[in-house]
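Asks: Shown below is the structure under consideration.
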Amino acid sequence: MTQKKVDKRRAGLRKPRRKRVTLKCQSTDAQSIFVAGTFNGWDPAALPLKRDADGEWSVDVLLHKGRHEYKFIVDGEWLCRPHGESGEPMCDDCVPNAYGTMNRILEVA
């Protein structure tokens, strides 16, 4: 072990641990789904989801402890949930955003 690594451990300066989280979205008719949020600078092209045979889309993300907000981008449309937001009741894991729509929230312990 190098002296630099030893010094960091002594000082308690280890990198914060991240937790693997799987984000899922169900949509049998979507052509593409991405996820954007506070964990990737809201980049709509950074995290594509992959579809399985049953139409469930998912992606694994390494996230730091804390609260994260995100949205799915389904065929180019930003959505809190697939199939739109209008007329949907407020969900327990969604919060209003500055644009008058909803963001999903995720708490990582």
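Asks: Identify, by number, the condition in (1) over 27 Å from R67 (Cα atoms); (2) at pLDDT 85 or above; (3) surrounded by 10 or more Cβ atoms within 10 Å (Cβ to Cβ) that Q31 doesn't meet.
Replies: Answer for Q31: the failing condition is (3).
Asks: D60: more than 21 Å from P96 (Cβ to Cβ), modelled with pLDDT under 95 and not hydroxyl-bearing (S, T, Y), yes or no?
Replies: When the stated conditions are applied, D60 does not pass them.
The values are calculated or read from the model by the stated rules, or taken from the named source; none is laboratory data. Only a predicted model underlies this, so the values are computations on that prediction, with no experimental measurement involved. Positions of Cβ are generated from backbone atoms using ideal geometry, with glycine treated the same way; all protein chains shown enter the neighbour counts.
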